[in-house]
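Please treat every number below as a calculation from the coordinates, not as lab data. None of these values were measured; they are calculated from a predicted model. Using ideal geometry, Cβ is built from the backbone for each residue, glycine included, and neighbour counts are taken over all protein chains shown.
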Amino acid sequence: MEKYDFLIVGSGIYGATLAHLLNQAGKRVLICEKRPYIGGNVYTEKIDGIDVHMYGAHIFHTSDQKVWEFVNSFVPFKPFINTVLANYKGKIYNLPFNMHTFEEMWGVKNKEEAIVKIDSQKGDFKNPKNLEEQAISLVGEDIYQTLIKGYTEKQWGKKATELPAFIIKRIPLRFEYNNNYFNDTYQGIPSLGYTELIKRMIGKIKVLLNTDYLEHPELKDVANKIIYTGAIDEFFNYKFGELEYRSLRFDVERINKEYFQNNCVINFTDYEVPYTRIIEHKYFLDTKTPTTVITREYPVTYKNGMERYYSINDDKNDALYNEYFEEANKNHNVFFGGRLGKHKYFDMDDSILEAFKDCQFLLGK
């Protein structure tokens, strides 16, 4: 096999961005991807003409103009404001927590009434011992019990009283009628889908699909530098132990009716409903079709071989990652990047910013 400057393991948004930047800098780049398609977790697939986000809703949002211009240089983005609803035992509330939410919950009509109601329920937790106490100290009993407790316990697979307080450092409260889920300046969905966005980023760079780097030892010598975006503990064969993650299961269903629900994303916040949310994909690009496609999202305990979605960044896992990080520094031929390589959650714009920064480092700048 011919020699390259860089082999990038993984074709998600971080890997694809880095591949494009290195290629633009005149470097010879090869990508290997263990899945049968490019895009990683932003992969979209057409079903009945609807762009279906196969690994959960991906709504691009950023306040960085450079990032926004970068992604739009490949595919024009359609503006999309994410307004999320919460279903608690059949009653609907607006998210994030704002005056719509407070009015729906208590009938209050202004900021002062809402603040009095929340403050009266906060409880006296000067040093919260767990997530439950932390959340109640921030937003009070009603919001916690209705919109946080069940959802959080499903998401993490543990009782809120068993979860550390630091998971929730703050809970934004908006004392205005504003249902925009994100605060970022730029928000949208690629008009041709995320798969096409990744395809155009990669361009003419060679991609080896269905190719697990760890199962192909001959790839170790194919490039001067390996950019590894897979799990850092798996790369080192778990020599110090396994880093912890939460995983997800997606139940995609095609439904023979125009719409299934009256919103793109509805969260289900009571514990008795096993899924955390239902996504109706045609809302993303306002696709007009006689059928629709929904995804129910189920959090599950991560086991070896599953997809890793959310890194668990407690003291134990951070210490374990640091051991792997020190080991990685001994291997100067391999650079670890992306959310799995760094055992850290990144939004999509953060992944692109990381790729911008890492590219400069890899080019010696």
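One table, with the values for the structure above:
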quantity	calculated
Dipole magnitude of segment 117-265 about its Cα centre (Cβ charges: Lys, Arg +1; Asp, Glu -1), debye to nearest 20	300
Value at 222 nm in deg cm²/dmol, rounded to 500, when DSSP H runs of n ≥ 4 in the chain each add -39,500 (n - 2.57)	-8000 deg cm²/dmol
Cut-off under 5 Å, modelled amide H: who pairs with N82 long-range	Y181, F182
Percent of Cα-Cα distances greater than 19 Å, calculated over segment 97-167	35
Extension gain (nm, one decimal) between D124 and Y238, 0.36 nm per residue minus Cα-Cα	36.7 nm
Gain upon complete extension [D251, S191; 0.36 nm per residue less C-alpha separation]	19.2 nm
Of the DSSP H helices in the chain, those whose Cα atoms cover at least 30 Å axially and whose Kyte score averages 1.6 or more	none
Over 20 Å [Cα-Cα, segment 214-286], rounded percent	59
Whole-number D in µm²/s for segment 246-301 (Stokes-Einstein; Kirkwood sum over Cα pairs; 37 °C, 0.692 mPa s)	275
Net charge of neighbours whose Cβ lies under 10 Å from the Cβ of F125, counting Lys and Arg as +1 and Asp and Glu as -1	0
26 Å Cα-Cα threshold exceeded, pairs from K66/K282; K204/K357; K117/K149; K122/K159	K66/K282
Distant-in-sequence amide H partners of Y310 (H built 1.01 Å from N, under 5 Å)	R246
Cβ-defined net charge surrounding F356, 13 Å radius [Lys, Arg +1; Asp, Glu -1]	-3
Label zone at K78, where the point sits 7 Å out along the Cα-to-Cβ direction: segment 250-276 residues whose backbone N lies under 14 Å	264
Rg to Rh quotient for the chain, alpha carbon positions, Kirkwood Rh	0.99
Among 145-153, 68-76, the order from most to least packed when residues are scored by Cβ within 10 Å on average	145-153, 68-76
Whole-Å semi-axes of segment 1-51's equivalent ellipsoid (Cα gyration tensor)	26, 12, 8
